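See structure below.
The values are calculated or read from the model by the stated rules, or taken from the named source; none is laboratory data. Note that this is a predicted model, so its numbers are computed, not measured. So basically every Cβ, Gly included, is an ideal-geometry build from the backbone, and we count neighbours across all protein chains shown. Each accessible area value is taken on the protein alone, full model and side chains, heavy atoms only, with ligands, DNA and RNA left out. Shrake-Rupley method; radii C 1.70, N 1.55, O 1.52, S 1.80 Å.
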Amino acid sequence: MPAEQTTDQLAPGADRTTPALRAVRTPPGVTLRLGREADGGALARLDADTWSTVHAVMPRPEEPLAPFFDGRRARPEQHLIAELDGELAGYLRLLPPTPLPANAHVQAILGLAVADRARGRGLGRALLRAAVARARELGARRVTLRVLGHNAPARRLYESEGFVVEGVLPGEMYLDGRYADDVLMGRTLTTAE
């Protein structure tokens, strides 16, 4: 059973780093922290700017952009934020996949985006490593994610960080006039890492 099943809601002025995030090696100019309510506008813009059928299953965001933190998505502190030279440049959403106690030992990656200007600088890898470290910090034994079958760059990244394909839902999504596989991936966390 995890030591902590959900992230604590942080006070507005609280430190937005954790020991796990501070321990992740990051590329030059990149810092990692937990999200905050004030990130909502920048995160909504990032989602709109990076939207593509390569990775998105939701419809393209339209102006005016809906609030990022609208009560349906995870809380701000369930987002790992990557800043490049002090400016928000990426995020990863990490939270329990369900409210069920039976899988409270699992954390799921339910969103990852990196700004075009920051691509190729290792932010996605840093966020993924931060997610694994944060999941471990929260007492999780597994981290899972879903990725579209045709998103080869993301699949290569996940595989290089120890995630394995655990299932494929053939033709599960219909995007841009084509059926796409939904690939389920996971990684078991060990204490030896």
Separation in nanometres of the label points that stand 7 Å from Cα toward Cβ, at Arg25 and Arg142: 3.0 nm
Which of the following values of mean projected area of the Cα convex hull in nm² was calculated from the structure shown: [x] 13.4; [y] 12.1; [z] 11.2? [z]
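What's the local net charge at Ile109, with K and R +1, D and E -1, over the other residues with C-beta under 9 Å away?
Once all neighbours under 9 Å are counted, the net charge is +2.
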Distance in nm between pseudo-label sites at Thr98 and Leu184 (7 Å out along the Cβ direction from Cα): 1.0 nm
If you find the alpha carbon centre of segment 133-158 and of segment 84-102, how far apart are they in angstrom? 11 Å
In a Gaussian network model over the chain where Cα atoms closer than 10 Å are linked, find which of Leu92, Leu34, Leu169 has the largest mean-square fluctuation. Leu169
Label-point separation, Asp49 to Ala66 (7 Å along Cα→Cβ), nm: 2.1 nm
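Tell me the per residue accessible area of segment 61-179 using a 1.4 Å probe; a whole number in Å² is fine. Let's see the in-between values first.
On the way: 6100 Å² over 119 residues.
Dividing the accessible area of segment 61-179 by its residue count gives 51 Å².
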